[in-house]
Amino acid sequence: MTRKIFTLGVAALCAFAALAQQAKQPTIMVRPDDAWMTNNNYMKAIDNDGYTELDPQYELALRTHETLAQVLADVSSLMADRGMPVVSMSETIKRTKARSAERAAVTSKSTGAKAAVSTWTQLNNAAKADIIFDIGWVPNTRGARSCVDYRISALDAYTMKSVASKTGTTEWEMASTPALQVKEAVLANMEYFLDQLQSHFDDLRNNGREVSLELGVFDDGSGIDFETEYGGKELREIVEDWVSDNSVRRNYHKDEDTEDWMVFGSVRIPLYDVRERPQDAGTWARGLRDHLKGMGIPTKLVSNHLGSATIYLGEK
């Protein structure tokens, strides 16, 4: 087992060499998956305007589950050893608390409209990781021997779409621990994940990061909607022209187009802005906000998620 793991580890290092030579590399955050959080009673049911949602209690899990803390530390170390910038979940939790990020709402100055933000969204916005590594496992014992059923997934942090995933069961071993067995499972699959991450990040660099953009109209009597004309063009045309001109190779999809709402999905935006700073949906949408502001249209930009932004027209 040890020799096999060592061989795969060397192969993984070679596979990652090309990525490591690049000036900018994807950042990673390792977290327990939702199934693990639910099975270990770390999901809290909360009421969100009449809808029951499950909110993961990551801080409690890290403080009370010794194996979890060890697994996240081990897997993060494996990634860091291969040159990947790793964002610590525990440190991010501390930062969000220090910044009072649990104030999960944004409010219109005029109407008081609110938008709730989940625990995970707060953490992801603070971490700004490119890739989320979800880890889950179920320990099995048979006398003095043990193994784990494991789940490993790499997700794009902006879309939460799967980049790569593996499931399996480790070998039955004597005198082992779940933390060590999960670490062995990750290491045994490292070459596969590095290859998939390489392909995914190549796609992001070449075709842009995928985000979504929504535009709505405040019901405040301003008279502005997407059929209002400016210089002989309807506002909907002006908005779509801007999205087209500022997306990578004009890659976007218009999902909704009414007088009150416009929704653009699968919008590919550059990874970095003109100053070579990482760009998310909110920072990219500032350009459209400023464009509309220059036309005399008051707007409010809301970006609760890395991969989505909403611009409300009619007031700030």
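The values are calculated or read from the model by the stated rules, or taken from the named source; none is laboratory data. All figures in this text were calculated on a predicted structure; none of them were measured in a lab. No Cβ is skipped: glycine too gets one built from the backbone with ideal geometry, and neighbour counts run over all protein chains shown. Note: accessible area is taken over every heavy atom of the protein model, side chains too, but ligands, DNA and RNA are not part of it. Shrake-Rupley method; radii C 1.70, N 1.55, O 1.52, S 1.80 Å.
Brief remarks follow.
- Residue that is modelled with the lowest pLDDT, among those in segment 24-39 that are open to solvent by 50 Å² or more (accessible area, probe 1.4 Å) and not acidic (Asp, Glu): Lys24
- Of the set (1) farther than 27 Å from Arg277 by Cβ; (2) in contact with an Asp or Glu (Cβ under 9 Å, 6 or more places away or on another chain); (3) not small (Gly, Ala, Ser), all apply to Leu155 but (1).
- With respect to being more than 20 Å from the chain's Cα centre (by Cα), under 26 Å from Arg205 (Cα atoms) and without any contact (Cβ under 8 Å) to a residue 40 or more places away in the chain, Asp273 falls outside the description.
Okay, residues lined up against (1) farther than 25 Å from Tyr312 by Cβ; (2) in contact with a Ser or Thr (Cβ under 6 Å, 6 or more places away or on another chain); (3) loosely packed, with under 15 Cβ neighbours inside 10 Å; (4) at pLDDT below 85:
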site: Ala104; (1), (2), (3), (4): no, no, no, yes
site: Thr107; (1), (2), (3), (4): no, no, yes, yes
site: Ser110; (1), (2), (3), (4): no, no, yes, yes
site: Val117; (1), (2), (3), (4): no, no, no, yes
site: Gln122; (1), (2), (3), (4): no, yes, no, yes
site: Ala127; (1), (2), (3), (4): yes, yes, no, yes
site: Ile132; (1), (2), (3), (4): yes, no, no, no
site: Trp137; (1), (2), (3), (4): yes, no, no, no
site: Asn140; (1), (2), (3), (4): yes, no, no, no
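- Conditions (1) touching a strand residue (DSSP E or B) at 6+ places or on another chain (Cβ under 9 Å); (2) outside any strand (DSSP E or B); number of the one not met by Lys300: (2)
- Selection of segment 72-102 for residues being at pLDDT below 90 and within 13 Å of Met190 (Cβ to Cβ) yields Arg82, Gly83, Met84.
- Lone qualifier among Arg277, Arg250, Arg236 - being in contact with a Ser or Thr (Cβ under 7 Å, 6 or more places away or on another chain) and either on the phi > 0 side of the Ramachandran plot or charged (D, E, K, R) (or both): Arg250
- Some residue of segment 250-266 being among the small types (Gly, Ala, Ser) and free of Cβ contacts under 8 Å to residues at least 40 places away in the same chain: no
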